[in-house]
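One structure is given here, and the rest of the page talks about it.
Read-outs throughout are calculated quantities, based only on the coordinates presented, and are distinct from any laboratory measurement. The model shown is predicted, which means the values in this text are computed figures rather than measured ones.
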Amino acid sequence: MPPAADLRRILHGIGLAVGLAATLPAAALAHFQELIPSEDVVSEDSRMVRLEMTFTHPMERGPVMEMGTPVRFGVLSRGKREDLKDRLQKRSLAGKTAFEATYDFKVPGDYVFFLEPAPYWEPAERKWIIHYTKVVVDFGAGRGWDKLVGLPVEIEPRVRPYGLWTGNSFSGVVRRHGKPVPHAAVEVEWRNDGSVRPPTFATQVIKADERGVFSYTMPRAGWWGFAALVDGDRHMKGPDGKSAPVELGGVIWVKTMDMK
């Protein structure tokens, strides 16, 4: 048995390691606001889509973070915006508040659903997070998928964001107040269905070029989230009353399917 002094040092080191491990996940895992429809292409037979809204770490399948009541939830189609906030329904997921909604299609078109969540306080990084999120659902149109909602931070798709095959590349332009963001950082995660053990780096990170353009090849079927992150224009008061930075994200979700 080591001397008492050495044993104390060993135990102290173990305690530091355990404490560090406990603080790392919250800071290291990427946050993604999910806005996932039941289908990305809706048929004439169904004419309905269900959308699930969860704030979580998709690749790690959690933890789920508490969502406040969204600031905005709506859809853009055929040049018109429709406010859907009154359709939001609370749901409980892993003991946290998430949201869902349903939408009935009446006129063919590409429908850009968008969500502005309530600001989320991340204590580990001591900052606010606001991820403006969108997803495109096609209902017998095939056009209109590239229309911008006009969110403060938004990804403009350069590839049709539905009907994609596994192995296709997705490309987009990161825009802030409508203007391209040169060299913007874009985080990428796959929405894990439980069939994959997350690798060491569960979040892929890519960098846009000088025009704000990025691309990524998706190696697996399922939902992929792309989050372009920028610093907010202003600080907000944290729960302790002190000024804290704000992380703004422009998020888009796309789905890939295996060729059979």
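Figures for the structure shown
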| quantity | calculated |
| --- | --- |
| Geometric extent, Cα atoms of region 31-257 - Rg, Dmax (angstrom) | 16.8, 53 |
| Pairs of lysine residues in the chain - Cα separation under 12 Å, sequence separation of 8 or more or cross-chain | 4 |
| Under Karplus coefficients 6.51, -1.76 and 1.60, residue-wise ³J(HN,Hα) of region 150-165 in Hz, glycine/proline x | x, 6, x, 10, 8, 9, 8, x, 9, 10, 3, x, 8, x, 8, 9 |
| Under the Debye formula (equal points on every Cα, no solvent term), log10 I(q)/I(0) of region 156-260 at q = 0.19 Å⁻¹ | -0.96 |
| With Cα atoms, 0 to 90° folded angle of helix 4-28 axis to the chain main axis | 10 |
